[in-house]
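Only one structure is covered here, and it is reproduced in the block below.
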Amino acid sequence: MAKKPPSGRCVHCLEHSDHRTWDHVFPVSWYPDSTPQNIAKWKIPSCLKCNQEYGVLEEDLLGRLALCIDPQSEKNKGIVERALRSIDPSSAKGQKDRGSRQAKRQKLQREMLEGHAIPDHGIYPNLGERWNRPIEERAAISVSASSISRLCEKIVRGITYIADNRFIEHPYHVNFYALTDDGALGFEEVFEKFGQLFAREPGIAVRRAVAHEDKISSLYSIEIFGQFKMYATVTAGG
């Protein structure tokens, strides 16, 4: 078992903590079954509060995203099944676990949208209808924009720390973008020329291009499960 990190600053909130823990940049449950077993999973030092908060956020997000991705892809092998088991009371290990799974299942069911109740705007890029089904046969689930933005910031902070052993702090901050493939062309051109790949393939790929001048202003592309994409910049000022 890996030793806990020594006292120091949390990568997320930047506060000093005497009791830091290891936080996985991408939760272990987000790695598909097709991930080679010998791949080391990135982890960073975090205070307990941030680690726990992100754990709750990531569990909720995975349950929602798993309902939107292609279950046949090698890039998310086992993810959909794993997420469905997490809300299946029959897979529970005890009464408390059964109640927790049932509550999660009911919450998702309450928030599902069907047919004409699905809005024609605000659909996350690459996670919309792909089968050309009649509107009456479609279903959708809401996903918190704030949760996705926070996840994106966590990953950017984590990769910056792993690559450069640096914290993102004032005056620098992380900006999140949900872009279509066409909208991301400017990012992609920069990555083609200057990008560096950080990958835990087949399910996780992060590309990063860092400004030569200050070594921290940067562009990020984050692709998970071959379908869910986030873009970010690290910039100074407002």
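For the chain, what does the alpha-carbon gyration tensor say about shape, rounded, prolate or oblate, given a ≥ b ≥ c as the root eigenvalues, a/c under 1.5 as rounded, and a/b over b/c as prolate?
oblate
Using the Cα gyration tensor of the range 1-133, with a ≥ b ≥ c the square roots of its eigenvalues, what is the shape: rounded (a/c below 1.5), prolate (a/b larger than b/c) or oblate (neither)?
In terms of gyration-tensor shape, prolate.
Checking understanding here: applying a Kyte-Doolittle mean of at least -0.5 and a length along the axis of at least 18 Å (C-alpha), which whole DSSP H helices in the chain pass?
Going by DSSP H runs, the hits are 48-65, 145-164.
Where does each of Thr233, Thr35, Thr160, Thr180 land when they are ranked from fewest to most other beta-carbon atoms within 10 angstrom?
Listed from fewest to most nearby Cβ atoms, that is Thr180, Thr233, Thr35, Thr160.
Tell me, what is the FRET efficiency for Leu197 and Ser147 to the nearest 0.05, using R0 = 30 angstrom and their Cβ-Cβ distance as r?
Computed FRET efficiency for Leu197 and Ser147 comes out at 0.70.
Among residues other than Ala199 whose Cβ falls under 13 Å from its Cβ, what is the net charge (Lys/Arg +1, Asp/Glu -1)?
+3
Rounded, prolate or oblate for the range 71-193? Axes are the square roots of the Cα gyration tensor eigenvalues, ordered a ≥ b ≥ c, and the cut-off for rounded is a/c under 1.5.
Because a/c hits 1.5 or more and a/b fails to exceed b/c, the range 71-193 counts as oblate.
Taking a cut-off of 24 Å between Cα atoms, list the lysines near Lys75, but don't count ones fewer than 8 places away on the same chain.
Lys41, Lys43, Lys154, Lys229
For n ≥ 4 DSSP H runs only, could you compute -39500 (n - 2.57) per run for the chain, divide by its residues and tell me the 222 nm figure to the nearest 500?
Mean residue ellipticity, 222 nm, calculated: -10000 deg cm²/dmol.
Let me check I've understood the local charge: for Ile141, count other residues with C-beta under 14 angstrom from its C-beta, Lys and Arg +1, Asp and Glu -1. What total comes out?
Residues close to Ile141 contribute a combined charge of +2.
Suppose every Lys and Arg Cβ carries +1 and every Asp and Glu Cβ carries -1, with no other charges. What dipole size does the chain come out with about its Cα centre, to the nearest 20 debye?
Computed charge dipole of the chain: roughly 1100 debye.
Using the Cβ atoms and a cut-off under 15 Å, what net charge is assigned to the surroundings of Lys77, where Lys and Arg are +1 and Asp and Glu are -1?
It works out to a net charge of -1.
If the cut-off is a Cα-Cα distance under 13 Å, which aspartates and glutamates reach Lys3, setting aside same-chain residues fewer than 8 apart in sequence?
Lys3 reaches Asp23.
Cut-off is 10 Å between beta-carbons; in what order do Asp182, Asp88 appear when sorted fewest neighbours first?
Lowest to highest Cβ neighbour count: Asp182, Asp88.
Bear in mind that the values in this text are calculations on the coordinates, not laboratory data. Owing to the predicted nature of the structure, the values given are computational and were not obtained by experimental measurement. Methodologically, a virtual Cβ is constructed for each residue, glycine included, from the backbone with ideal geometry; neighbour enumeration extends over all protein chains shown.
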